[in-house]
Structures are given as C-alpha cells and as structure tokens.
Amino acid sequence: MTLANIDFYRNIQIEKFRELAGVTGFDTGVDIDQIYPQLKDAKAIAELGVGYGRAIDELLKRGFEGKIYGIERVKSFVNYMEKEYNNENLFMLHQDIEELDLPKKVDAVLWLWSGILEQNLEKQRDSICKIRKYLKTGGKLFIEAPQDKIKFVGMKINKHYIRVEMDWGTLDAYMPYEEDMHLIKEYCHYKSLEIIKYQSTTGLDRVFYVFEN
Ligand SMILES: C[S@@+](CC[C@H](N)C(=O)[O-])C[C@H]1O[C@@H](n2cnc3c(N)ncnc32)[C@H](O)[C@@H]1O
C-alpha cells in the first residue's frame, strides 16, 4: 500500500482542518503541554508537516522565543503560514520530509498529530535515522502518535493500516507500535527513547516517542 495522501491535504479547507483538531482533541495544544518543559529553552527547532500552524501557534502562545523551521510539502499551507505569521523567528521551508534538508542543526524536531503515520514502517525508520543528523548532541525528536485506539476520524483496516475517509479525500496511514520504536532507536543509534503516554482533550489515548541524540 502506498501512502500518498498529498491530495487529502491539498483539498482540505483550513476550517475543516481546524474542526478535525477539535474533534480529535488537539485544538488546545494538549500535545504541546506534554513536551513544552523540554522545548522552552531551545534555540532552534523544526516542525515536520506544519499544516495551518496549530502547533506553532501553541508554541508561540506559551512564549517560545527560539527559531522555528517549518517543513511543509503543500504549497498553500506554506503560503498561508507566511502570510498569517509575520514572525522573524519562523522560517517556512517548502519541502517533503522524505527529502529533508535543514539549514542547520536544531535542538528539537517535532513530528506531531500522527504525522509519522503517513509513511510506511521502512520510511519511518529511514526518516528517524535521517533526522538524527540534524539534531545537536542531546537534541530530541518528538514523535506524537496514537497508542492503539483510533476513534472519531479513522477506521482500522488491519493491525497497522488505518484509513480516514472524508468528503474531500482519503488518507491512508501506517500505525507504528512501541516495539517498532524501540527497534528503530537501536537501528538509528539514538542514545535513549522516552515514552510519554497521555490523552487528548476528547479522550484519545496518545503517546510521545522522544528520541534523544
Ligand atoms: C496531521 S497534519 C499535522 C499538522 C500539524 N503538525 C499539527 O500538529 O497541527 C500533517 C501535515 O503534514 C504535512 N505532510 C504530510 N506528509 C508530508 C511530507 N512527506 N512532507 C512534508 N509535509 C508533509 C501535511 O500536508 C499536513 O499539513
């Protein structure tokens, strides 16, 4: 199964995107709350797949003052972010995560709201290895994903594949499990892997995989 998905995001209206954040329980930045203590003093971070800027907004609301590199492959979101956020610390990069090319090393990379699920397991592993090259020593990669229950917006095709069907398109996803992340940590030579379990505001069981370089 290929996980193309780009048309799902090309066709989504920002209002619908915001609604999804409400339904899934991310609109308050509950995910950012879990990790903000580890981020607040970062000089530079990168976010993979910015969308309409939900997470960046939550970071700025909490007083984040470091540089933010925002990676996004849908041009309309890049344009939207540049227009809405007139912030000298925000650098939007129109890139595909699979060809990630950051201008310098960062203290943290954020891959939030199931973004990693848009790659199959082999690509997830390759991306996690590649991201390490862009992390300073002691820098961290924060991957946010579902624990095991997919409620509200997706249906499970089998143990790993999830499909989200909306009026404007279909999104296919590959669900990694904790044991996969432990194997990837070893394979990519990260120093440690921390697991943070929490719930979204609508009761979804979520997890952060925090890889330290
Ligand atoms: C679920 S949304 C998450 C948006 C944002 N990170 C948040 O937490 O609110 C995933 C975003 O990643 C982008 N995306 C998906 N695959 C990508 C890729 N390979 N390269 C760059 N961006 C990608 C999508 O266009 C979409 O905006």
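The values are calculated or read from the model by the stated rules, or taken from the named source; none is laboratory data. Values in this document were obtained by computation on a predicted structure and should not be read as measured data. Cβ atoms come from the backbone with ideal geometry, glycine included; neighbour counts cover every protein chain shown.
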Restricting the stretch 153-173 to residues that are in contact with a helix residue (DSSP H, G or I) (Cβ under 6 Å, 6 or more places away or on another chain) and buried (at least 19 other Cβ atoms within 10 Å of the Cβ), the one farthest from K16 (Cα to Cα) turns out to be A173
If I ask for residues that are without any contact (Cβ under 8 Å) to a residue 12 or more places away in the chain and farther than 22 Å from D167 by Cα, which ones from the stretch 8-40 would you list?
D33, P37
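Give the stretch 68-89 a look and list any residue that's under 17 Å from the mean Cα position of the chain (by Cα) and either over 17 Å from R18 (Cβ atoms) or of a type in the set (S, T, Y) (or both), or say none.
I68, Y69, G70, I71, R73, V78
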Pairs returned, first residue in the stretch 62-79 that is among the aromatic types (F, W, Y) and surrounded by 19 or more Cβ atoms within 10 Å (Cβ to Cβ), second residue that is modelled with pLDDT under 95 and assigned to a strand (DSSP E or B), beta-carbon separation under 6 angstrom, 6 or more apart or interchain, are none
How about the stretch 111-144: which of its residues are within 15 Å of the chain's Cα centre (by Cα), farther than 20 Å from A4 by Cβ and outside any helix (DSSP H, G or I)?
L112, K140, L141, F142, I143, E144
Some residue of the stretch 110-128 being of a type in the set (S, T, Y), over 23 Å from T28 (Cβ atoms) and surrounded by 14 or more Cβ atoms within 10 Å (Cβ to Cβ):
yes
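Among residues belonging to the stretch 93-108 that are closer than 18 Å to E65 by Cβ and not acidic (D, E), point out the one that is surrounded by the most Cβ atoms within 10 Å (Cβ to Cβ).
The initial filter retains those residues of the stretch 93-108 that are closer than 18 Å to E65 by Cβ, namely 104, 106-108.
Retained after the next criterion (residues that are not acidic (D, E)): 104, 106, 108.
Values: K104: 10, V106: 24, A108: 21.
Once the filter is applied, the top-ranked residue is V106.
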